[in-house]
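The values are calculated or read from the model by the stated rules, or taken from the named source; none is laboratory data. Since this is a predicted model, take the numbers as computed values, not measurements. Here the Cβ positions follow ideal geometry from the backbone for every residue, glycine too, while neighbour counts run over all protein chains shown. Heavy atoms of the whole protein, side chains included, go into the accessibility calculation; ligands, DNA and RNA do not. Shrake-Rupley method; radii C 1.70, N 1.55, O 1.52, S 1.80 Å.
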Amino acid sequence: KNYEEQLKYLSFHDQLTGLYNRAYFENELMRLNHSREYPVSILSVDLDGLKLVNDTFGHQRGDQLLIACANLLKKTLRSSDILARIGGDEFTALLPQTDIKAAENITERFQEQLKAYNLERQDQMPLGVSMGLATAKDKNADLHETYKEADDLMYRDKMYKGFDSRSQAIMSLMTTLRERDFITEGHTGRLEELCIKLGKKLNLPKKVLSNLTLLAQNHDLGKIGIPDSILLKNERLTDEEWQIIKQHPEKGYRIASLSADLSGIADLIFKHHENWDGSGYPLELQGNNIPIECRILAIADAYDSMTNERPYRKAMSHEAAIAELRTNAGTQFDPDLVHIFMQILEYQDSQSSKRHDEE
């Protein structure tokens, strides 16, 4: 009998959120259609950026957002309302005996709950939704049409936000990323300066220099989904941990592809860990098949990382870093670019010494 009850429960409920499922929602839609429960309002809700969260942090974090959204909706709605999860990131609520004004009050309460939730978790990915609301005034109105209207309005809301919504989510990711060791503002600024100096020395076009600036600022975007326990680990990484690290160019590519501001450098983010001799990842590209921006970034990033302290290691001397670059020229790094980079550093040193002597 208990097993039968469990099967009955599962047949009408979503296992993740505990809400009703699509089958139950459709049954209730038919039951209420042309009933005495009019006016009936229908609220359609879709979670914004779930794919971005799943691609970046994994499906477990995405599931947490779905559960949070479900709980906020349950907290807002009345016991007589019927709330269901009808798709991967879609929720729908049937509101019997609810006119448009009352329904709008409910959506306003939900938005207040959503705002409070995000204010309490400013260090996390914000929970955002798109919504559509429609009302069937009397029993002559077909609820299937009302549901379609609510759904269309929700998608219109999502399209209206469009890239703006995704850009906000990505800005939130970047803020979180900059608070972690591997992309401190100091590192990003120094890296950008070194890359642009090398790019200008090569007389690269302005568009390439612009891409180089963006790449210096955002190349490690995919690392937002990698735990600190791996990124900041003092000991040698295990094979499994190394495979997780190697996923970050692809994760960064997926995130950047969703951003109007970063889509132009998504391919560069994907290829920024390729090595001159083909030993890099993820595509094992060789030589000039690697974009010039990525070859420049590799040298500047390696030098800045070696000459600045991190919580998990001491900084190298300038001389030791130079020797390391020379050793890896022709394998990890473009040998011609390493030579030009050395000239830039030597010029910087001479200018610094000249200023010191004058003082």
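Considering region 268-323, the residues that are in a loop (DSSP other than H, G, I, E, B) and among the aromatic types (Phe, Trp, Tyr) include one that is least open to solvent (accessible area, probe 1.4 Å), namely TYR281.
I'm trying to understand the selection: among the residues of region 94-146, which are within 22 Å of GLY49 (Cβ to Cβ) and of a type in the set (Lys, Arg)?
Here is the first cut: in region 94-146, the residues within 22 Å of GLY49 (Cβ to Cβ) are 107, 110-133.
The answer is LYS115, ARG121.
Filter region 11-56 for residues that are within 13 Å of ARG85 (Cα to Cα) and among the hydrophobic types (A, V, I, L, M, F, W, C); which is surrounded by the fewest Cβ atoms within 10 Å (Cβ to Cβ)? Among residues in region 11-56 that are within 13 Å of ARG85 (Cα to Cα) and among the hydrophobic types (A, V, I, L, M, F, W, C), the one surrounded by the fewest Cβ atoms within 10 Å (Cβ to Cβ) is LEU16. Identify the residue in region 324-336 that is more than 19 Å from LYS271 (Cα to Cα) and either in contact with a Gly (Cβ under 9 Å, 6 or more places away or on another chain) or not charged (D, E, K, R) (or both) and, among all such residues, is surrounded by the fewest Cβ atoms within 10 Å (Cβ to Cβ). Going through the qualifying residues, I end up with THR327. Taking region 226-245 as the range and being aliphatic (A, V, I, L, M) and within 20 Å of ARG61 (Cα to Cα) as the test, the residues that pass are ILE226, ILE230, LEU231, ILE244, ILE245.
Being in contact with a Leu (Cβ under 9 Å, 6 or more places away or on another chain) and under 26 Å from GLY225 (Cα atoms) is a property that does not hold for ASP81.
How many residues does region 85-102 hold that are in contact (Cβ under 8 Å) with a residue 40 or more places away in the chain and either closer than 18 Å to LEU19 by Cα or crowded, with 17+ Cβ neighbours inside 10 Å (or both)? Reasoning before the result, please.
Going residue by residue through region 85-102, those that are in contact (Cβ under 8 Å) with a residue 40 or more places away in the chain are 85-87, 89-100, 102.
If we keep only those that are either closer than 18 Å to LEU19 by Cα or crowded, with 17+ Cβ neighbours inside 10 Å (or both) as well, we get 85-87, 89-96, 98.
Total satisfying the criteria: 12.
Given the condition part of a loop (DSSP other than H, G, I, E, B), touching a residue at least 60 places away in the same chain (Cβ under 8 Å), over 16 Å from PHE25 (Cβ atoms) and open to solvent by 30 Å² or more (accessible area, probe 1.4 Å), answer yes or no: does some residue in region 103-121 qualify? Within region 103-121 (the criterion being part of a loop (DSSP other than H, G, I, E, B), touching a residue at least 60 places away in the same chain (Cβ under 8 Å), over 16 Å from PHE25 (Cβ atoms) and open to solvent by 30 Å² or more (accessible area, probe 1.4 Å)), the answer is no, since none of the residues qualifies.
The test for being over 28 Å from TYR253 (Cβ atoms), open to solvent by 20 Å² or more (accessible area, probe 1.4 Å), out of contact with any helix residue (DSSP H, G or I) (no Cβ under 6 Å at 6 or more places or on another chain) and among the acidic types (Asp, Glu) does not hold for ASP63. Scanning region 218-236 for residues that are under 18 Å from the mean Cα position of the chain (by Cα), outside any helix (DSSP H, G or I) and of a type outside the set (Asp, Glu), we see that the one that is surrounded by the fewest Cβ atoms within 10 Å (Cβ to Cβ) is PRO227. In region 186-201, the count of residues that are part of a helix (DSSP H, G or I), small (Gly, Ala, Ser), touching a residue at least 12 places away in the same chain (Cβ under 8 Å) and open to solvent by 20 Å² or more (accessible area, probe 1.4 Å) is one or more.
Filter region 1-48 down to the residues that are of a type in the set (Lys, Arg) and closer than 29 Å to GLU108 by Cβ and list them by number. Scanning region 1-48 gives ARG22, ARG31, ARG36. The sole residue among LEU297, LEU262 that is over 23 Å from PRO227 (Cβ atoms) and at pLDDT below 95 is LEU262. For region 245-255, residues that are open to solvent by less than 50 Å² (accessible area, probe 1.4 Å) and free of Cβ contacts under 8 Å to residues at least 40 places away in the same chain total 4. May I ask you to verify whether SER263 is without any contact (Cβ under 8 Å) to a residue 12 or more places away in the chain and in contact with a helix residue (DSSP H, G or I) (Cβ under 6 Å, 6 or more places away or on another chain)? So SER263 fits the description; yes.
Matching residues to (1) among the β-branched types (Val, Ile, Thr); (2) in contact (Cβ under 8 Å) with a residue 40 or more places away in the chain; (3) in contact with a Gly (Cβ under 9 Å, 6 or more places away or on another chain):
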residue: GLY58; (1), (2), (3): no, yes, yes
residue: ILE67; (1), (2), (3): yes, yes, yes
residue: ALA70; (1), (2), (3): no, yes, yes
residue: SER79; (1), (2), (3): no, no, no
residue: LEU83; (1), (2), (3): no, yes, no
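Pairing each residue of region 213-238 that is among the β-branched types (Val, Ile, Thr) with any residue that is not in a helix (DSSP H, G or I), provided the two are 6+ apart or on different chains, yields C-beta distances under 9 Å for ILE224/ARG180; ILE226/GLN247; ILE230/LEU237.
Yes/no matrix, rows are residues, columns are (1) of a type in the set (S, T, N, Q); (2) modelled with pLDDT under 90; (3) touching a Ser or Thr at 6+ places or on another chain (Cβ under 8 Å):
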residue: ARG254; (1), (2), (3): no, yes, yes
residue: TRP276; (1), (2), (3): no, no, yes
residue: PRO291; (1), (2), (3): no, no, no
residue: ILE344; (1), (2), (3): no, no, no
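For ASN54, the conditions (1) at pLDDT below 95; (2) out of contact with any Gly (no Cβ under 8 Å at 6 or more places or on another chain); (3) not aliphatic (A, V, I, L, M) are fulfilled apart from (2).
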